[in-house]
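The values are calculated or read from the model by the stated rules, or taken from the named source; none is laboratory data. Source: prediction; values computed, not measured. Backbone-built Cβ (ideal geometry, glycine too); neighbour counts: all protein chains shown. These area figures cover heavy atoms from the full protein model, side chains too; ligands, DNA and RNA do not enter into them. Shrake-Rupley method; radii C 1.70, N 1.55, O 1.52, S 1.80 Å.
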Amino acid sequence: MTDIDDLRAQALAAIERAGDLEELDEARVRFVGRRSELVAAQRSLKDLPAEQRKERGRQLNELRGELERVVEQRHEVLAAAALQARLEEERLDLTLPPRRLPPGRPHLLTQVEQEIVDVFVGLGYRVAEGPEAEAGAYNFDLLNIPPDHPARAEMDTIYVSGYDDVVLRTHTSPVQTRVLTTQAPPVAVVVPGRVYRADTVDATHSPVFTQVEGLLVDTGITMAHLRGTLLELSRSLFGADREIRLRPSFFPFTEPSAEVDVSCGFCEAGTVHGAQAGVDGQAPVCRVCSGTGWIEILGAGMVDPNVLEFCGVDSRAHSGFAFGIGIERVAMLRNGVADIRDFYDADVRFLARF
Ligand code: DAH
């Protein structure tokens, strides 16, 4: 028969030894659980002679009550210790200086690109995009640049090896032909994107740069619409007091073609515009416009009827204008950036200036 004092001593020792809540629970199950020796002894009371049963029943009951109390007390102690340990472990030192994460911002080229896109979205144009690895058909042929045309050589094209007639687009103009072959006029799109040329890197040349293209095709579109649109663009980029001038030029995909200049607003006090500049040892010449008073900013023209026809648009019923502007050049002029490489060097000291 179970020795009650012995069982009590064992149980109290085990409860005392329990170092955490898990060990305490093991001790509780072992000594007062449903399958414990104590409960078994209480169950077998009925087999005892009546005179022993009462006294032993009282003793077992008392022991059970005592052990349950001791378990409960120990539980309180261990639970408090566990909470304390967790609080220590999860302690936050609110006096530590915070790690500084300086806010980022769009790259200057992205800012200028977005500004131009916004001007045209405001005029009702839709944004269109095309792939940077482009079929020669879109980049050249449909733009009225046949295979033997000198413009192909001048463009310093980068070809994609392993593919017949795939190039890294040399301009955003192929998106004109992509749009015109899939969409009937009226068409009004603005096309931002990266373009590639096998140019040697220097202060003004980069093999990758950014253009924004514009295309408007409808009935009755004239050069006057082109001029008005580009004046709006130039003034919003460079200032409300600017003028533009169109000089005759040549592009295979426009006829007539023009190079567009914006009036120089950079001539500092003391420098001289135009015919006066540098004459008779006069004041120094403005470095931005070389004293001409004008800065070239983009190429444009009336969409060549060949391009319309190649793309399935009836050139007798429709006309349109197009232009392409280099973002790096605009950003350099506007923000006084002297070297195009600065845009691509990812030097935070440069980027943080804008
Ligand atoms: N694609 C020409 C270039 O990269 C720029 C250009 C000129 C685009 C005239 C046009 C345009 O749409 O009409 O040099």
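Taking all protein chains together and rolling a 1.4 Å probe, GLU243 ends up with roughly 90 Å² accessible. Scanning the chain for DSSP H helices at least 15 Å long along the axis (C-alpha atoms) with a Kyte-Doolittle mean no lower than -1.0 picks out 4-17, 21-32, 108-122, 223-238.
Of GLY326, GLY193, GLY19, which is the most mobile in a GNM of the chain whose springs link Cα atoms less than 10 angstrom apart? Result for the chain, Cα springs under 10 Å: GLY19 fluctuates most. Projecting the Cα atoms of ALA18, VAL166, GLN84 onto the dipole axis of the chain, where Lys and Arg carry +1 and Asp and Glu carry -1 at the beta carbon, places ALA18 farthest toward the positive end. Close amide H partners of SER257, meaning residues 5 or more places away or on another chain with modelled amide H under 5 Å apart, are SER249, PHE251. Qualifying chymotrypsin sites (Phe, Trp or Tyr not before Pro) in segment 74-181, where qualification requires a DSSP coil assignment and no more than 12 other C-beta atoms within 10 Å, comprise TYR163.
For the chain, modelled as a Gaussian network with Cα springs under 10 Å, which listed residue fluctuates most, VAL217, VAL71, VAL330? Between VAL217, VAL71, VAL330, it is VAL71 that shows the largest mean-square fluctuation.
Annotation for segment 1-85: trypsin sites (Lys or Arg not before Pro) lying in DSSP loop with at most 16 further Cβ atoms inside 10 Å of their Cβ are ARG34, ARG35. Can you tell me, using C-alpha contacts under 8 Å and at least 6 residues apart, the relative contact order of segment 4-89 as a whole percent? Reported as a whole number, the value is 37 percent. Subtracting the Cα-Cα distance of LYS46 and THR181 from their residue separation scaled by 0.36 nm leaves 38.6 nm.
Both numbers refer to the Cα atoms of the chain; Rg and Dmax are 42.3, 139 Å.
About the centre of its Cα atoms, the chain shows a dipole size close to 1080 debye [charges on the beta carbon of Lys, Arg (+1) and Asp, Glu (-1) only; nearest 20 debye].
Mean separation of Cα pairs under 8 Å and 6 or more residues apart, divided by the residue count, gives the chain a relative contact order of 14 percent. Unpaired cysteine residues in the chain (no second Cys Cβ under 4.7 Å): CYS311. What accessible area, in Å² to the nearest ten, does a 1.4 Å probe give for ASP20? Number for this one is 70 Å². Segment 1-134 has equivalent-ellipsoid semi-axes of 78, 21, 12 Å, by the square roots of 5 times the alpha carbon gyration tensor eigenvalues, sorted largest first. Counting only protein heavy atoms and a 1.4 Å probe, the chain has 57 square angstrom of accessible area per residue. When the Cα centres of segment 112-182 and segment 14-56 are compared, how far apart do they sit, in Å? So the two Cα centres are separated by 88 Å. Of the listed residues LEU298, LEU96, LEU142, LEU101, the order by accessible area with a 1.4 Å probe, largest first, is LEU101, LEU96, LEU142, LEU298. Here is how the number arises for the chain: DSSP H runs of 4 or more residues each give -39500 (n - 2.57), the sum is divided by the residue count, and the result at 222 nm is -12500 deg cm²/dmol.
With all protein chains present, how much of the accessible area of the chain (probe radius 1.4 Å) comes from carbon and sulfur, to the nearest whole percent? Don't skip to the answer; put the middle values down first.
Numbers: 10390 of 20010 Å².
Percent of accessible area from carbon and sulfur atoms in the chain: 52.
Once the chain from LEU21 to GLU89 is taken as fully extended at 0.36 nm per residue, the excess over their C-alpha distance is 22.7 nm.
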